[in-house]
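**Student:** Here it is, the structure in full.
The values are calculated or read from the model by the stated rules, or taken from the named source; none is laboratory data. Small disclaimer: the values here were computed from a predicted structure and weren't measured. Virtual Cβ from ideal backbone geometry, glycine too; neighbours counted across all protein chains shown. These accessible areas exclude ligands, DNA and RNA; they are computed on the full protein's heavy atoms, side chains included. Shrake-Rupley method; radii C 1.70, N 1.55, O 1.52, S 1.80 Å.
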Amino acid sequence: MPELPDLQVFSKNLHKAFAGKLVKKVTVVNKSRLNVPPETLEKSIENQSVKSIHRVGKELHVEFQNGNVLGLHLMLNGELHFFREANERRNTIIELIFEGGEGLALSDYQGMAVPALNPESDKGPDALSKQVDVTFLKEQLQKKRTSIKKFLLDQHVIRGIGNAYADEILWNAGISPLSVCNKIPEQKIKVLVQSIKTVLTDAEKQIRKTHPDIISGEVRDFLKIHNAKRKHSPGGAVIRAEMQNGRKTYFTDEQELF
């Protein structure tokens, strides 16, 4: 599943491609995941210009000049594709054709990707927002007796972090993913806040450097811990992989357990 750094790059590339352009035709091929009738979506965004395309948590939001928003959640296997005149991709969920014949399609062979008109956002602040600071994280962690990794994955608390980057952030911060939230000391919380910002922004830069035009997929080969091809961390410790809360978790003995 694409995570925050991937989606940051996708959104910037999509904004560059379509900002200011008029949507001439919307076709909903698979309406099972759409939150409104296809006719409502068509009336809301056809013949409207794109104001911006940006990331909100783990979603991409296409904002139109009339104020409506088309949310696109790629889920586990959703993909975005450029096309011209005709979309030949199989398993299409929705497609947009812009003035001039350019098109954008969302596909998913499992049919799980979600298009939504004016989607409701999770209440948690974005992981890269200024709101996610030491005070916020300390207050939230004191309320929780769950593992710190489960906490980081909760989109109602902090939006945008997924399984892979939770592992990377916790390794960078030197905190075991098995640590109990309310046991983590304030000094480590300060380190964790910095790791969230550093890991996510550095990853976006790396993805943009190696895949400057990407609008779909995952780039994971540069990850230091959440990487099946790596056996040791940059510090030389053995990377362990265990299932935690139904997700594969990568970590090392360099990370302190609280």
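**Student:** Against the condition at pLDDT below 95, open to solvent by 30 Å² or more (accessible area, probe 1.4 Å) and of a type outside the set (Lys, Arg), how does ASN77 come out, does it pass? Walk me through it before giving the result.
**Tutor:** Numbers: at pLDDT below 95: yes; open to solvent by 30 Å² or more (accessible area, probe 1.4 Å): yes; of a type outside the set (Lys, Arg): yes.
Criteria met by ASN77.
**Student:** So, restricting to strands (runs of 3 or more DSSP E) that lie completely within the range 1-110, which ones have at least 2 residues that are under 28 Å from LYS123 (Cβ atoms)? First the steps, then the outcome.
**Tutor:** Details: elements: 23-28, 50-56, 59-64, 69-73, 79-84, 92-98, 102-107.
The qualifying strands (runs of 3 or more DSSP E) are 50-56, 59-64, 69-73, 92-98.
**Student:** Shifting gears a bit: For the range 213-233, name all the residues that are without any contact (Cβ under 8 Å) to a residue 24 or more places away in the chain and either touching a Phe, Trp or Tyr at 6+ places or on another chain (Cβ under 6 Å) or open to solvent by less than 90 Å² (accessible area, probe 1.4 Å) (or both).
**Tutor:** Step one: list which residues in the range 213-233 are without any contact (Cβ under 8 Å) to a residue 24 or more places away in the chain, which gives 221-222, 227-232.
Selection gives PHE222, ASN227, ALA228.
**Student:** Let me ask another. Determine whether the range 120-131 contains at least one residue that is more than 18 Å from LEU60 (Cα to Cα) and either open to solvent by 10 Å² or more (accessible area, probe 1.4 Å) or within 15 Å of the chain's Cα centre (by Cα) (or both). Full working, then the answer.
**Tutor:** The first filter runs over the range 120-131 and keeps only residues more than 18 Å from LEU60 (Cα to Cα), leaving 130-131.
Narrowing further to those that are either open to solvent by 10 Å² or more (accessible area, probe 1.4 Å) or within 15 Å of the chain's Cα centre (by Cα) (or both): 130-131.
Yes; the residues of the range 120-131 include at least one that is more than 18 Å from LEU60 (Cα to Cα) and either open to solvent by 10 Å² or more (accessible area, probe 1.4 Å) or within 15 Å of the chain's Cα centre (by Cα) (or both).
**Student:** Out of all the residues in the range 30-39, is one or more open to solvent by 30 Å² or more (accessible area, probe 1.4 Å), closer than 21 Å to VAL9 by Cβ, of a type outside the set (S, T, N, Q) and more than 23 Å from the chain's Cα centre (by Cα)?
**Tutor:** no
**Student:** Continuing with this model, one more query. How about the range 153-172: which of its residues are part of a helix (DSSP H, G or I) and either within 11 Å of THR249 (Cβ to Cβ) or of a type in the set (Asp, Glu) (or both)?
**Tutor:** LEU153, ASN163, ALA164, ALA166, ASP167, GLU168, LEU170, TRP171
**Student:** Please go through the range 52-100 and pick out each residue that is over 18 Å from PRO2 (Cα atoms) and among the charged types (D, E, K, R).
**Tutor:** GLU63, ARG84, GLU85, GLU88, ARG89, ARG90, GLU95, GLU99
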